[in-house]
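The values are calculated or read from the model by the stated rules, or taken from the named source; none is laboratory data. What you are looking at is a predicted structure, and each value in this text was computed from that prediction instead of being measured. Note that we place each Cβ from the backbone using ideal geometry, even for glycine, and neighbour counts take in every protein chain shown. Ligands, DNA and RNA are excluded from the accessible area calculation, which covers all protein heavy atoms including side chains. Shrake-Rupley method; radii C 1.70, N 1.55, O 1.52, S 1.80 Å.
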Amino acid sequence: ALPDGRRVPAGDVEQIVASRICAFLSSAAEIHEAVAPQVKSVIAQQSLIARAAALSGQWPEQTPAQTRRLLSVLVTRIDLRPDQVEIHLLPERLGTLLTGEAPALSPASDAADSAPRLTLSAPARLRRVGMEIRMLIDAKEARKGKPDPSLVKLIVKAERLKVHFIRGGDRMDTIAESAGVSRPYFTRLVKLSFLAPDITKAILEGRHPPDLTAGRLITHARLPLDWKEQRTALGFT
């Protein structure tokens, strides 16, 4: 219920919360802020950011039961306001969630009051539909920063292959073969893991130039390593 006593259908709230959590997972900046206090290694942070982006991309394919389970282990409280929904998370659980250990976690509502919280806001509006009050996602806000799933998958795959290459110590040919790609394609993919941080962040948050597609990014013939030149080549200037 809202502070003034008006009741909002639970389905409306669940949809808003799920959409905001999906957007949160696709945001490299928000994930970095959430995991940085617990994960000091840059490589580990990048790995979690990549896994969060992958989970965001897979979100529409989840069943309602899977979505509710993920929300239950991550969200400790939800506050309704007339113009927004405030979602309170347990950031220390994020790493465990992203490593696939969510089924072993108890509901976030059972966590101690002293556990650190992270609050996300989701713009929403109350509207009368027939005889009831509905809370709906603010359509204008929802259109902002919608990630391109193909670009996100490309960035995630590049990060995974780079981590594999750094940790495994295998030859490029071997890693490329195990990944089912050619060596030239593997080389182009790994180069994408060295994009300027602000470019990667913009792609994951859906703020990239409209003409930057996954096809254009992966086939860019001479993608420079210099970050300033990358911004120019990809249309970020």
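So that you can scan it fast, the table gives a plain yes or no per residue for (1) within 17 Å of the chain's Cα centre (by Cα); (2) surrounded by 16 or more Cβ atoms within 10 Å (Cβ to Cβ); (3) free of Cβ contacts under 8 Å to residues at least 24 places away in the same chain; (4) over 25 Å from Lys162 (Cβ atoms):
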residue: Ser41; (1), (2), (3), (4): no, no, yes, no
residue: Leu89; (1), (2), (3), (4): yes, yes, no, yes
residue: Arg93; (1), (2), (3), (4): yes, yes, yes, yes
residue: Ala115; (1), (2), (3), (4): no, no, no, yes
Inset, instruction - Please specify each residue of segment 196-209 satisfying the condition of being open to solvent by 10 Å² or more (accessible area, probe 1.4 Å), outside any helix (DSSP H, G or I) and out of contact with any Gly (no Cβ under 7 Å at 6 or more places or on another chain). - result: His208
Inset, instruction - Kindly list the number of the only condition in (1) open to solvent by 30 Å² or more (accessible area, probe 1.4 Å); (2) closer than 25 Å to Arg81 by Cβ; (3) more than 10 Å from the chain's Cα centre (by Cα); (4) modelled with pLDDT under 80 that fails for Glu14. - result: (4)
Legend entry - All positions within segment 101-124 that are at pLDDT 70 or above and of a type outside the set (A, V, I, L, M, F, W, C): Ser106, Pro107, Ser109, Asp110, Asp113, Ser114, Pro116, Arg117, Thr119, Ser121, Pro123
Inset, instruction - May I ask you to list pairs of residues, at least six apart or on different chains, whose Cβ atoms are under 6 Å apart, with the first in segment 205-232 being at pLDDT 85 or above and the second being part of a loop (DSSP other than H, G, I, E, B) and open to solvent by 80 Å² or more (accessible area, probe 1.4 Å)? - result: Arg231/Thr237
Legend entry - Enumeration of residues in segment 56-84 that are of a type in the set (A, V, I, L, M, F, W, C) and modelled with pLDDT under 85: Trp59, Leu80
Legend entry - Residue, nearest to Pro147 (Cα to Cα), within segment 213-232, restricted to residues that are open to solvent by 60 Å² or more (accessible area, probe 1.4 Å) and assigned to a helix (DSSP H, G or I): Arg216
Inset, instruction - With the condition kept exactly as written, say whether any residue in segment 182-195 is of a type outside the set (S, T, N, Q), over 24 Å from the mean Cα position of the chain (by Cα), farther than 25 Å from Ser26 by Cβ and not in a helix (DSSP H, G or I). - result: no
Inset, instruction - For segment 57-88, name all the residues that are touching a Pro at 6+ places or on another chain (Cβ under 7 Å) and among the hydroxyl-bearing types (Ser, Thr, Tyr). - result: Ser72
